[in-house]
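Beneath this line is the structure, given in C-alpha cells, with notes to follow.
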Amino acid sequence: MSNSSAQWDIPSSWKPALQAAGAAGTILLLGAADSGKSTLAAVLANEARRATRTVAVVDADIGQSSVGPPACVGMALVPEDIRSLDDLHPDAIDFVGSCTPARHLLQCATSAHAMASTAARAGADTVIVDTTGLISGAFARALKGAKVRLLAPDLLIAVQDDDEVEHLISHYQTRARPTVLRLPMSRAVKARSRDERASRRQMKFAAYFAQAHTLEIPWDDAPVENSPWTSGDPAPGHVRAYAEECLAAEVLYAERRADGLFAIVAQQPDSTGLQTLREGFGSNTSVLEAGALDHLLVGILGENGETLALGILEHTDFRRRINTIFTPLSHPQTARGLRLGSILIARDGTQLGSNSPAAIG
Ligand SMILES: Nc1ncnc2c1ncn2[C@@H]1O[C@H](COP(=O)(O)OP(=O)(O)O)[C@@H](O)[C@H]1O
Ligand SMILES: [Mg+2]
C-alpha cells in the first residue's frame, strides 16, 4: 500500500476486491449516491497500477463528475497514484446532455461504452467505471443492465449499506460473468447535501468554461445530430407564412423533410395549429421554441463523432445559419457536428433551467 492509502478507511472485507482489481479487465462500480464509489474507484485504480497494469478510469457519474465537466462521461488514464478521482485530467469526454440520467438513459449507456472503448484503444488493460447513484426503480435497472451488457465487465462491485443494490445484481449469480463482489460501505463516507451537489456542479462547469471564448460555427460545417434542425431544406416563404398563421407565433426559421416540417418559433405555438400542420406536412412535424436554445449546453463533435468540447449556445443567426457558441475549443474548423443537451447553463456554470427531451423537436 502506498502512503496515499493512509487517508482512507479501507474495511478489511474489501481485500478480495482490491486483489481482484489487480487482474481484472473492466470493473463496474455500483452503489447509491454517497456510498463511497468514487473513493473506492481511486483505491482500486492505485491497486491495479501497482499490479503493473495500465489503468483508466471512466467516470460515468454525470451529476457529480470528477473526470471532466458534468453532463459528460469522462475518461482518464491513471499515470501515478491518486488521492481522489478529482486529481485526474480527462483524456477524453463524451457529452451525455444532462446531469441526471432518468431521461437520458440511452445517452448515458452509449457514452459510457464510447469512453470505455476509448480507454481500451489508449492501451488501458484495467478500466474502472464509476457510475451515478441512480440505483432504485425501473430506470436504474434499465441503465445498469444496459451498462453491464455494453461494457461486459469482468467484475461488478456493489457498495451497499443494506441490500439496496441487490435488485440490480442478484440475477448475475447464475452466470459465468461478471463476477459480483458486495462490499460494505465505509463508515468514513461523508454525505453531500443537495446544495453541495449543485454548487459542486456549478464550480466544475465554471472551471471548464474559465478559458472559453465565443466561436461562430456555421450550421453547414457542424449540423445537429439529435434534432431535425439542420436535416431538411429551408421552407419557402409561403410555407413559413402558412406555419406562422397556424401556430399564431413568429416563425424564425423553418425547414422541410420527407416526414414533416420543423419550425423554430419566437413564442409558444398554438397546439391546434400544430395539429393542422401535422395533417398537412407529416405527423413528425415539430416546433422548437427559440427560448429552449438560449444558453443551451451543447457538445461540439469532431469528425468521428467524438466530443471535442462542450459549449454554451449563446446566439443563433437564422439567416446566416451560424451558431455562436461559448467554448474552450480553440479551432472552430475541427467542429463537424453538434449534440444538443437539455440543460441551460450560464457562463459562470449556474444552471438556468432545463428543457424536456421533446423540446428539441
Ligand atoms: N473509504 C473512505 N475513507 C475515507 N473517506 C471516505 C471513504 N469513502 C468516502 N469517503 C468520504 O466521503 C465522501 C463521499 O464519498 P464518494 O466516494 O465521493 O461517494 P460517491 O462517489 O458514492 O458519491 C468523499 O469525498 C470522502 O470524503
Ligand atoms: Mg461519486
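Grab the beta carbon distance between Asp220 and Leu106, set R0 = 22 Å, and tell me the FRET efficiency rounded to 0.05.
Working: r = 27 Å, r/R0 = 1.24.
For Asp220 and Leu106, the calculated efficiency is 0.20.
Scanning residues 5 or more positions from Val129 or on other chains, those with amide H under 5 Å from its amide H are Ile27, Leu28, Leu29, Val58, with H placed 1.01 Å from N in the peptide plane. Once backbone amide H atoms are built at 1.01 Å from N, Leu288 has Ala263, Ile264, Val265 as its partners under 5 Å, excluding neighbours fewer than 5 places away on the same chain. Looking at this model, which pairs from Lys37/Lys147; Lys15/Lys204; Lys37/Lys204; Lys15/Lys37 are more than 23 angstrom apart at the alpha-carbon? As for pairs spanning more than 23 Å Cα to Cα, those are Lys15/Lys204.
Exposure proxy for Tyr172, Tyr242: other Cβ atoms within 10 Å of each Cβ, ordered fewest to most, give Tyr172, Tyr242.
Among Asp163, Asp125, Asp294, the largest mean-square fluctuation in a Gaussian network model of the chain, built with springs joining Cα atoms closer than 10 Å, belongs to Asp163.
In the chain, the longest principal axis of the Cα atoms and the axis of helix 105-121 are about 60 degrees apart.
So if I place +1 on the C-beta of Lys and Arg and -1 on the C-beta of Asp and Glu, and nothing else carries charge, what would the dipole magnitude of the chain be about its Cα centre? I want it in debye, nearest 20. Mind dumping the intermediate values first?
Values: 33 positive and 40 negative charges, 188 e Å.
For the chain, the charge dipole is close to 900 debye.
Computed packing ranks the peptides 42-53, 198-209 as 42-53, 198-209, most packed first, by mean other Cβ atoms within 10 Å. Think of each Lys and Arg Cβ as +1 and each Asp and Glu Cβ as -1; about the Cα centre, that makes the dipole of region 126-205 roughly 340 debye. Between the helical axis of 37-50 and the longest alpha-carbon principal axis of the chain there is an angle of about 60 degrees. Ordering Gly305, Ala45, Pro328 by Cα displacement along the dipole of the chain toward the positive end leaves Ala45 in first place; charges were set at the Cβ atoms of Lys, Arg (+1) and Asp, Glu (-1). Converting phi to 3J(HN,Hα) with the Karplus coefficients 6.51, -1.76 and 1.60 and the offset θ = phi - 60°, region 8-23 yields 9, 8, 10, x, 5, 6, 7, 3, x, 5, 5, 5, 4, 4, x, 10 Hz in sequence order, with x at every glycine or proline.
Dipole check for region 213-264: with +1 at the C-beta of Lys and Arg, -1 at the C-beta of Asp and Glu, and the Cα centre as origin, the magnitude is about 160 Debye.
Sequence-distant contacts, meaning Cα pairs under 8 Å at least 6 residues apart, place the relative contact order of region 233-288 at 33 percent. Taking the Kirkwood radius as Rh and the Cα radius of gyration as Rg, region 27-156 has a ratio of Rg/Rh equal to 0.93. Adding -39500 (n - 2.57) for every DSSP H run of four residues or longer, then dividing by how many residues the chain holds, sets the calculated 222 nm ellipticity at -8000 deg cm²/dmol. By how many degrees, 0 to 90 and rounded to 10, does the Cα axis of helix 271-281 deviate from the longest principal axis of the chain? Rounded to the nearest ten degrees, it is 80.
For the options Ala212, Ala258, Ala23, a Gaussian network treatment of the chain with springs between C-alpha atoms closer than 10 Å singles out Ala258 as fluctuating the most.
FYI, it's all coordinate maths here, none of it is from the lab. The structure displayed is predicted, hence computed values, not measured ones. A quick note on method: Cβ atoms are made from the backbone with ideal geometry, for glycine too, and the neighbour counts reach across all protein chains shown.
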